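The values are calculated or read from the model by the stated rules, or taken from the named source; none is laboratory data. Keep in mind the model is a prediction, meaning the values are calculated, not measured. For accessibility, only protein heavy atoms count, side chains too; no ligands or nucleic acids. Shrake-Rupley method; radii C 1.70, N 1.55, O 1.52, S 1.80 Å.
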Amino acid sequence: MSDTLFRHGKKRFFDNKKFPRGFAKSGDFTLAEEQILTLYGDTMLGLETGQIKPENTEEKHFIKVLETPSKAKSKLERVWLKYVQLARGRKRFHTLNGHNKSEASEDCSDSITLVEED
């Protein structure tokens, strides 16, 4: 990533809450993606929260990507979007029976019939 104008963070970026063993050891990120996050994550977070202002065209484009993720071009932008999805998005929960909760409740309601006595 030496061909980027994106600033390195003032400190290494970690997310001990969602990825306590590190990004790569979580199984969600490659070693290269982990390196991008640790080197540039502090800057990307600062740009996202507005704590720092963009200083070049790459950083300005990054701000636009945060508003419209489909505009992501660089590896750095795609890795940050992946991180945001995994860290802040909903966790997927897989069931063993293949039915989602609403289907299961509908199945039960179909099989119950009420009988009125006179």
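Observations on the structure shown:
- Residues of the stretch 13-52 satisfying the condition of being open to solvent by 70 Å² or more (accessible area, probe 1.4 Å), closer than 15 Å to Leu76 by Cα and of a type outside the set (A, V, I, L, M, F, W, C): Thr30, Gln35
- Top-ranked residue of the stretch 53-77 - restricted to ones that are among the β-branched types (Val, Ile, Thr) and open to solvent by 10 Å² or more (accessible area, probe 1.4 Å), ranked as farthest from Phe23 (Cα to Cα): Thr57
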